[in-house]
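Student: Quick one: the structure is below, and I'll ask about it shortly.
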Amino acid sequence: MTYKVKLEVFEGPLDLLLYLIKKEEVDIYDIPIAKITDQYLEYLELMQLLDLSIAGEFLVMAATLMHIKSKLLLPPDETSVEGEEENDPRAELVKRLLEYKKFKEAAAELAQKESQQKHFFPRVGSGINIDELPAPEAEAFEATLFDLITAFTKVLRDIPKDIFHRIVKDEFTVSEKIHDILHMLVDNKALMFTDLFKAAKNKTEIITIFLAVLELIKIREVNIVQHAPFGEIEIVRSRESIKPNSST
Amino acid sequence: MDREEAKRIIEALLFVSDKPISIDTIKEILKHIEPPEVRDIIGELNREYVASGRSFSIKEIAGGFQMLTDPIYSRWVAILYKKGSDKLTGPSLETLAIIAYKQPITRTDIEAIRGVNVDGVLKTLEERNLARTKGRLDAPGRPILYVTTNEFLQHFGLRSLDELPNLKEFQESDLDFVREANRSEVVNKETGKLEESVMPVQAEGGGADGS
């Protein structure tokens, strides 16, 4: 079974690095390159496992990180003049990260302004749409794709070893799992991400369930939310998909 | 014409226009009126609206003036006029922020900061008329330059580009972390693996990041 899930406008390598830096609570001015590189590579592996299309830039960054790491492993250049300063091989990367972070923060401020401005209405142009009520303010904030992958990594780590290694013929499809999840959402307003995998019998089933979640997000049937940064992830029905007499 | 008449005319113009009207435009229409007087009149109109409890007021936005409804009533107005779900995505906002602060800027320079391809995002921003092309850079390849539009100012409630919030600049000096690296190779006793540890002798900066 090959099921390619293409998620467009995937946030880039700098985004991932900033996420890892924040998650590991490391000092951006003193990044533990070995640790961060390992985590970064772990994410790339997982993305490949899920057949997510990885932009070339992610691979370039992987090479960059390994290059920096190797530079740091080398002993200091003994031929350099005494007292001469050695450049930190991380400097260039940190500079890029800070530059990007600057604009990420600016974007967040713009998002706030956008929210505020949304409540002011002008005279309408010639295209009035009578439409649904605007979505209520979310109390939880939308989890990112990376949060989802983090949660999935935990799920994989926590399953018993024998289930992990069992190789079984495919008994289920992503479509089936999509229906299962939607069915569960009819009775429950929200589902805990980890609960989705409790009944899974083998690794393939776990991955199939995860792909189903990704597909549901992509077609905007569900949203993923967290109530705290790096907290438990919940799957909820997205507002746009709630229609009266919905059959799924 | 007397002031009362000018006031009513300006009010009428603001009433019908679906875009902000600049003072220049008002001057073109009314002819013998000066910018300070226009501002005065608009201030008077707003005071009248507050006094009589109107549900709208005249706001200064995107280089002009426009009648906008009070946010308190947005719940109801939104029913009539769909405005709810067209918020921009993260990548769109980041790209737009870069263009806003650095305009005019080429696609390549935007990508250098974001670290990822922006073709799709640029297309979306152009479709929504939040960014547009403006000429080419006089450099090899003559790459296209991008700028933000007036619609951008309206969307974010800005009077002009001057109202963009200040960028949180990191200190250039924070990056001069010169380390007399005291590198020691440490073998992890459990795994037997080689781990590097770089111990800074003199660390500068740090902490300003606050994440």
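Student: Taking the Cα centre of region B:3-80 as origin, work out the dipole magnitude from +1 charges on Lys and Arg Cβ and -1 charges on Asp and Glu Cβ, in debye rounded to 20. Please report the intermediate quantities before stating the final value.
Tutor: On the way: 11 positive and 13 negative charges, 46 e Å.
The calculation lands at about 220 debye.
Student: Go through region B:36-44 residue by residue and turn each phi into a ³J(HN,Hα) via Karplus (6.51, -1.76, 1.60, θ = phi - 60°); whole Hz please, and just put x for glycine and proline.
Tutor: Residue by residue, region B:36-44 yields x, 5, 4, 4, 4, 4, 5, x, 4 Hz.
Student: So for each of A:206-217, B:24-35 I average, over its residues, the number of other beta carbons within 10 Å; can you give me the resulting order with the highest mean first? Could the numbers behind the result be given before it?
Tutor: Numbers: A:206-217: 22.2, B:24-35: 13.1.
Most protected by this proxy first, the peptides run A:206-217, B:24-35.
Student: If R0 is 25 Å, what FRET efficiency do you get for B:Asp18 and B:Ile144 from their C-beta distance, rounded to 0.05?
Tutor: On the way: r = 30 Å, r/R0 = 1.19.
My answer for the efficiency is 0.25.
Student: Moving to a separate point now. Identify the residues of region A:8-47 with backbone N under 19 Å of a label point that sits 7 angstrom from the Cα of B:Lys123 along the Cα-to-Cβ direction, or state none.
Tutor: Residues A:8-12 qualify, since their backbone N sits under 19 Å from the label point.
Readers should treat all values here as calculations from the given coordinates under stated rules, not as data from a laboratory. Source: prediction; values computed, not measured. All Cβ positions, even for glycine, are placed from backbone atoms using ideal geometry, and neighbour counts span all protein chains on display.
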